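Bear in mind these aren't lab numbers, they're just calculated from the coordinates by the rules spelled out. Only a predicted model underlies this, so the values are computations on that prediction, with no experimental measurement involved. As a convention, Cβ positions derive from the backbone with ideal geometry for all residues, glycine included, and neighbour counts pool all protein chains shown.
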Amino acid sequence: MAEGLVAVTVVPAKNKRGAPDAEVLRRALRRWSFNVTRRDEPKPPEIDAALRRLARNSVPLVALEEVGTVTKALDACARKLDGKPAAPEY
């Protein structure tokens, strides 16, 4: 479930300029934000910075009412990190 959340969380950011490295952001989400057992643990500085930036640049939840936002999220789920199609059950 965390992998699916990571895939769609990073897509609808408002401003991609100055974004953290994609792997750092995915690691931050997977290992801290979407991991309730580690969420409140101290984070390395690059992880903390990536999560703070994502919080500042994420679109509001109401944006999920827009077809374009949902389409981007679904497209992200349909592709693996290397750009190849994901398995249909993913």
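Structure notes:
- Here the Karplus curve 6.51 cos²θ - 1.76 cosθ + 1.60, taken at θ = phi - 60°, turns the phi angles of region 19-35 into couplings of 5, x, 3, 4, 5, 4, 5, 4, 5, 4, 5, 5, 8, 10, 4, 9, 10 Hz, with x standing for Gly and Pro.
- Neighbourhood net charge (10 Å Cβ-Cβ; Lys/Arg +1, Asp/Glu -1) for Trp32: +3
- Evaluating 6.51 cos²θ - 1.76 cosθ + 1.60 at θ = phi - 60° for every residue in region 75-84, the Karplus couplings come out as 4, 5, 6, 7, 10, 7, 4, 7, x, 6 Hz, glycine and proline recorded as x.
- Longest site-free stretch - the chain; sites: GluC sites (Glu not before Pro), DSSP loop, at most 15 other Cβ within 10 Å: 1-65
- Among (i) 234; (ii) 109; (iii) 87, the entry derived from the coordinates for volume of the Cα convex hull per residue in Å³: (ii)
- Think of each Lys and Arg Cβ as +1 and each Asp and Glu Cβ as -1; about the Cα centre, that makes the dipole of region 2-77 roughly 220 debye.
- All other residues whose Cβ lies under 13 angstrom from that of Glu46 are scored, Lys and Arg at +1 and Asp and Glu at -1, for a net of +3.
- Most mobile listed residue (Lys80, Lys43, Lys72) in the chain, GNM with C-alpha springs under 10 Å: Lys80
- Long-range HN-HN contacts of Arg79 with modeled amide H, under 5 Å: Ala86
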